[in-house]
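First comes the structure, then the notes that go with it.
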Amino acid sequence: MLIEKSRIDEANHQLSNKHQRQFDYVAADVKNLDEVIQKIQAFNIAIPSWALGTGGTRFGRFSGGGEPRTLEEKIEDVGAIHALNKSSNSISLHIPWDIPSNADAIKAVAAHHGLRFDAVNSNTFQDQKDQSLSYKFGSLHHSDKAVRKQAVEHNIEVIKYGVELGSNALSVWLADGSSFPGQLNFRNAFQNTLESLQEIYAALPQDWKVWVEYKPYEPYFYSTTIGDWGQSLLLANKLGPKASTLVDLGHHLPNTNIEQIVSLLLMEGKLAGFHFNDSKYGDDDLTVGSINPYQLFLIFNELVEGMDARGMAHATSIGWMIDASHNVKDPIEDLLQSVEAIKIAYAQALLVDTAALKQAQESNDAVAAQEILQAAYRTDVRPLIAEARLREGGALNPLGVYRSLDVRSNLIKERGQNTVATGL
Ligand code: PSV
Ligand code: MN
Ligand code: MN
């Protein structure tokens with residue numbers, strides 16, 4: 001264990017009076033206070049295994065030191081995050097970056113930290129050594145049936161690893177696309193993708209799901225075969241009830257109205273879940289809430305309203321995951337910030353006066369609608385989240401405890417300065 005519970009308790013004790021004052025102030029105006037706190041307590045966000053190392057750029061990579069060298073160490077890092085925030089109770093693996101050589105042993109390490117396995121991710125966007133056919137021109141959409149077969153088999157293998165670990169969803173992101181007009185026949189590429197996904201779908205265990213991620217560009221720059229939510233939804237509808245659309249916030253062209261997309265996917269029962277991150281330009285994978293927290297709040301407002309309308313449990317009906325990684329911050333600190341930002345947006349959305357908003361919408365009162373949304377958005381909900389963490393046994397100030405315990409320096413001593421976690 002990287003973080004002793006007694007150290008968290010000591011730190012909480014020191015902050016206790018200040019917290020109580022701040023909590024009482026905001027709590028006085030919250031209707032259904034206990035229900036709100038309980039919902040925040042139940043809400044967890046999965047951590048991707050590839051976010052625990054410092055991300056590289058096209059131009060270089062600068063290790064922060066003490067990065068996890070093995071899957072066990074990645075799990076240990078997520079365990080530290082969860083011990084502090086009590087909101088990150090699962091890890092999402094990317095195969096083959098994270099091959100579990102002994103599933104039972106890996107499951108035991110995870111259980112020791114109170115963690116389970118979220119969706120497993122396949123990787124057909126890189127060639128692995130010993131791989132016979134190349135993905136240079138795509139994988140599931142490839143013009144060559146043999147390449148498609150290899151990629152389908154990889155996805156089926158990923159499902160097998162997931163089954164052993166107790167996961168129940170396969171997340172598929174394809175880099176498949178083209179960089180020049182004329183390079184690709186769009187319809188053939190789409191049909192090939194559909195057929196390949198149908199083969200993967202047929203291999204899903206009864207209680208499994210497949211989540212189809214979309215992205216408009218990168219690594220190819222003219223077309224992407226699953227480029228937007230329309231293409232993903234088309235595939236998901238053709239595949240069947242186990243298939244749905246995964247929304248990665250960074251996978252939209254600038255200024256796209258993501259909250260509207262989310263609302264309609266939810267209406268159709270086809271919202272698989274999220275890859276949370278933030279961005280200024282494209283798939284920047286920056287810390288959640290660091291650039292556009294209002295957009296995040298508006299997304300959560302649609303989620304809460306749409307889920308309540310359909311009677312869906314917020315915490316468990318869809319997949320909640322971070323997908324962020326960059327080369328500036330300590331990854332554990334970055335992930336603590338991202339989880340906090342997600343919970344802030346969620347808590348603010350829980351405070352929206354839905355009855356008043358509905359009335360404003362029905363009477364076309366745009367001024368009142370804005371006031372209602374922004375009253376919730378401008379509420380400082382941090383004491384509510386801290387209280388929920390406290391009730392779960394976490395830290396009032398996770399980042400503060402992480403820094404005061406010097407966790408990173410200890411990791412560097414144990415693992416070394418020039419460590420490289422597998423991932424991008
Ligand atoms: C692609 O940009 C992506 O968002 C997909 O989710 C991948 O699985 C992940 O990043 C890691 O490369
Ligand atoms: Mn993603
Ligand atoms: Mn991405």
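The values are calculated or read from the model by the stated rules, or taken from the named source; none is laboratory data. None of these values were measured; they are calculated from a predicted model. Every residue, glycine among them, receives a Cβ derived from its backbone with ideal geometry; neighbour counts consider all protein chains shown.
Scoring Gly162 on the criteria (1) within 17 Å of Ser139 (Cβ to Cβ); (2) within 16 Å of ligand 1 (Cβ to nearest atom) leaves a single failure, condition (1).
Every residue, every condition in (1) crowded, with 21+ Cβ neighbours inside 10 Å; (2) polar (S, T, N, Q); (3) within 16 Å of ligand 2 (Cβ to nearest atom); (4) outside any helix (DSSP H, G or I), yes or no:
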site: Phe300; (1), (2), (3), (4): yes, no, no, no
site: Glu305; (1), (2), (3), (4): no, no, no, no
site: Ala309; (1), (2), (3), (4): no, no, no, no
site: Ser325; (1), (2), (3), (4): yes, yes, yes, yes
site: Val328; (1), (2), (3), (4): no, no, no, yes
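This table checks each residue for (1) under 24 Å from Asp406 (Cβ atoms); (2) more than 14 Å from ligand 1 (Cβ to nearest atom).
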{"position": "Phe62", "(1), (2)": "yes, yes"}
{"position": "Arg69", "(1), (2)": "yes, yes"}
{"position": "Glu72", "(1), (2)": "yes, yes"}
{"position": "Gly79", "(1), (2)": "yes, yes"}
{"position": "Asn102", "(1), (2)": "no, yes"}
{"position": "Ala111", "(1), (2)": "no, yes"}
{"position": "Arg116", "(1), (2)": "no, yes"}
{"position": "Ser122", "(1), (2)": "no, no"}
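For beta carbons closer than 9 Å, sequence separation of 6+ or different chains, a first residue in segment 239-250 that is more than 19 Å from Gln191 (Cα to Cα) and within 16 Å of ligand 2 (Cβ to nearest atom) and a second that is assigned to a loop (DSSP other than H, G, I, E, B) and of a type in the set (Lys, Arg), the qualifying pairs are Asp248/Lys215; Gly250/Lys215. Going by the structure shown, is Asp176 acidic (Asp, Glu) and either over 29 Å from Gln295 (Cα atoms) or within 18 Å of the chain's Cα centre (by Cα) (or both)? So Asp176 does not fit the description; no. If you go through segment 376-407 and keep only what is part of a helix (DSSP H, G or I) and more than 23 Å from the chain's Cα centre (by Cα), you end up with Ala376, Pro383, Glu387, Leu390, Arg391, Gly400, Val401, Arg403, Ser404, Val407.
Yes/no matrix, rows are residues, columns are (1) within 16 Å of ligand 3 (Cβ to nearest atom); (2) under 19 Å from the mean Cα position of the chain (by Cα); (3) surrounded by fewer than 18 Cβ atoms within 10 Å (Cβ to Cβ); (4) farther than 30 Å from Leu399 by Cα:
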site: Asn85; (1), (2), (3), (4): no, yes, no, no
site: Ser92; (1), (2), (3), (4): yes, yes, no, no
site: Ser101; (1), (2), (3), (4): no, no, yes, yes
site: His112; (1), (2), (3), (4): no, no, yes, no
site: Asp118; (1), (2), (3), (4): no, yes, no, no
site: Gln126; (1), (2), (3), (4): yes, no, yes, yes
site: His154; (1), (2), (3), (4): no, no, no, yes
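Between Leu296, Leu271, the distinction of being farther than 29 Å from Lys238 by Cβ and more than 16 Å from ligand 3 (Cβ to nearest atom) belongs to Leu296 only. Only one of the numbered conditions (1) within 18 Å of the chain's Cα centre (by Cα); (2) modelled with pLDDT of 95 or more; (3) in a loop (DSSP other than H, G, I, E, B) is violated by Leu296, and that is (3). In segment 159-193, the residue that is nearest to ligand 2 (Cβ to nearest atom) out of those that are part of a loop (DSSP other than H, G, I, E, B), small (Gly, Ala, Ser) and in contact (Cβ under 8 Å) with a residue 24 or more places away in the chain is Ala175. Highlighted here are the helices (runs of 4 or more DSSP H) found entirely within segment 31-114 that include at least 2 residues which are without any contact (Cβ under 8 Å) to a residue 12 or more places away in the chain: 33-42, 103-112.
The residue that is surrounded by the fewest Cβ atoms within 10 Å (Cβ to Cβ), among those in segment 189-220 that are away from ligand 3 (no atom under 16 Å from the Cβ) and either on the phi > 0 side of the Ramachandran plot or polar (S, T, N, Q) (or both), is Gln206. A residue that is touching a residue at least 24 places away in the same chain (Cβ under 8 Å), part of a loop (DSSP other than H, G, I, E, B) and more than 14 Å from ligand 2 (Cβ to nearest atom) can be found somewhere in segment 271-287.
Against the conditions (1) more than 16 Å from ligand 3 (Cβ to nearest atom); (2) within 18 Å of the chain's Cα centre (by Cα); (3) not polar (S, T, N, Q), Asp284 satisfies every one except (1).
If I filter segment 249-266 down to residues being touching a helix residue (DSSP H, G or I) at 6+ places or on another chain (Cβ under 8 Å) and among the β-branched types (Val, Ile, Thr), which single residue comes out as nearest to Arg310 (Cα to Cα)? This residue is Val262.
Just one residue in the set Ser178, Ser134, Ser167, Ser139 is within 14 Å of ligand 1 (Cβ to nearest atom) and either surrounded by 16 or more Cβ atoms within 10 Å (Cβ to Cβ) or under 20 Å from His94 (Cβ atoms) (or both); that residue is Ser139.
Looking across segment 37-56 at every residue that is surrounded by fewer than 20 Cβ atoms within 10 Å (Cβ to Cβ) and away from ligand 3 (no atom under 16 Å from the Cβ), the one that is farthest from Asp118 (Cα to Cα) is identified as Gln38.
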